[in-house]
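So the structure is just underneath, and the comments pick up after that.
No value in this document is a laboratory result; all are computed from the given coordinates. Since we're looking at a predicted model, the values are computed, not measured. Reconstructed Cβ throughout: ideal geometry from the backbone, glycine too, with neighbour counts over all protein chains shown.
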Amino acid sequence: MSQNAALGVPAGAPAARRPGTAPAPVVRRRRTPASPYVLLVPAVVALLLGLGYPVYWQIVTSLQEYGLAQQFGQPPTFIGLDNFARIFSEDALWAVVARSVAFCLVNAGLTVLIGLGFALLMRAVGTTIRIVLQVSLLLAWAMPMVAAVTVFKWLFDYRTGVVNWFLVQVGFAGMDGFSWLSQPLTFFLVATLVIVWMSVPFVALSLYAGLTSVPEEVLEASRIDGASGAQQLWHILLPMVRPVLSIVLLLQIIWDLRVFAQIRLLQDAGAPVSETNLLGNFIYELGISRQDFGGAAAVSIFVLLLTIVLSWPYVRSLLKEDA
């Protein structure tokens with residue numbers, strides 16, 4: 001017979017506290033306040049209205065026959081997945097997809113590498129040179145996109161461009177009158193220069209802000225232990241700014257995959273449109289030139305899914321770091 005039964009204590013009753021012992025702590029569940037969720041409501045509503053409705057409209061339009069007649073009041077016809085089957089059976093689309101992905105990855109990689117170089121340079125130089133670099137980067141970043149593209153078109157003009165003149169002066173006589181924008185390979189070389197030049201300031205300033213958070217004591221201790229500059233970069237600086245590096249690389253991939261205006265403005269200088277179109281320009285050509293808004297909406301949905309696929313590895317790594 002147990003002690004509780006001998007004393008007449010019911011079986012389900014809690015055990016009596018011994019004299020002189022502290023009472024058992026009462027475990028209380030911590031209540032989560034509702035105010036953070038209430039404060040998120042306006043932002044969620046604005047996000048749904050600003051992004052949810054356009055995505056919904058794109059999905060609905062991609063399932064309809066929506067062309068020039070619908071612009072003048074004729075009701076659209078539901079055709080299911082016919083737009084996707086028609087557009088994705090064209091070889092031209094897959095050529096544009098391959099071109100866009102390659103262009104996006106090359107530009108994003110170059111932008112991050114050059115931006116990292118500028119960030120390391122600003123961390124290493126003195127105050128005066130650092131301020132000059134920062135002001136120069138800010139001015140380049142603040143320059144309007146149309147003005148920047150126009151300047152590059154002047155630089156690479158086949159008649160009066162400074163680039164051709166300089167190459168002829170240093171001995172490349174064959175570059176006299178060379179048209180950079182009329183051939184796909186050199187066209188994308190100029191486009192890469194434009195986009196990287198406009199994107200490097202954001203990456204450089206963001207990475208420099210991350211580098212300033214690295215404690216100087218850690219670097220000093222590594223120098224005492226005999227670490228070289230390359231070892232400090234690979235084993236200390238880059239691991240400590242990895243979150244910032246991942247975010248700027250993710251943003252660059254998203255932005256470079258959706259590039260449109262720079263390519264369109266360069267195409268106006270006489271480039272072969274069919275051989276220099278990226279996804280944004282291909283959607284523009286479908287919707288505006290061909291009046292095929294259903295097909296353009298189908299490609300837009302594909303671009304959204306492609307962006308998610310390319311961004312997912314970086315998003316997953318960020319989620320693992322925050323976990």
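Remarks
- Highest-MSF residue in the chain out of Gln70, Gln262, Gln231 [GNM, Cα springs under 10 Å]: Gln231
- Here the Gaussian network model covers the chain, with springs between Cα atoms less than 10 Å apart; of Val132, Val200, Val303, Val132 fluctuates the most.
- In the chain the longest region clear of trypsin sites (Lys or Arg not before Pro) that are loop-assigned by DSSP and have at most 13 other C-beta atoms within 10 Å covers 160-289.
- Within the shell of other residues whose beta carbon sits under 14 angstrom from the beta carbon of Gly229, the net charge comes to 0, with Lys and Arg scored +1 and Asp and Glu -1.
- Calculated Rg/Rh (Cα atoms, Kirkwood Rh) (choose from [x] 1.19; [y] 1.32; [z] 1.24), label: [x]
- Most mobile listed residue (Leu116, Leu93, Leu233) in the chain, GNM with C-alpha springs under 10 Å: Leu233
- Value of [θ]222 nm, deg cm²/dmol, for the chain, DSSP H segments ≥ 4, -39500 (n - 2.57) each, nearest 500: -20500 deg cm²/dmol
- The stretch 209-318, dipole about Cα centre (Lys/Arg Cβ +1, Asp/Glu Cβ -1), debye to the nearest 20: 280 debye
- Residues Thr111, Thr150, ranked from the fewest to the most other C-beta atoms within 10 Å, line up as Thr150, Thr111.
- Between the stretch 204-263 and the stretch 267-323, the Cα center-to-center distance that results, in Å: 28 Å
- What you get for the stretch 93-322, charging only the Cβ of Lys and Arg (+1) and of Asp and Glu (-1), is a dipole of about 160 debye around the Cα centre.
- Additional length obtainable on full extension of the chain from Ile114 to Ile224, 0.36 nm per residue less Cα span: 36.7 nm
- Phi-based couplings in Hz for the stretch 243-255 (Karplus 6.51, -1.76, 1.60; Gly and Pro marked x): x, 5, 4, 5, 5, 5, 5, 4, 5, 5, 4, 5, 5
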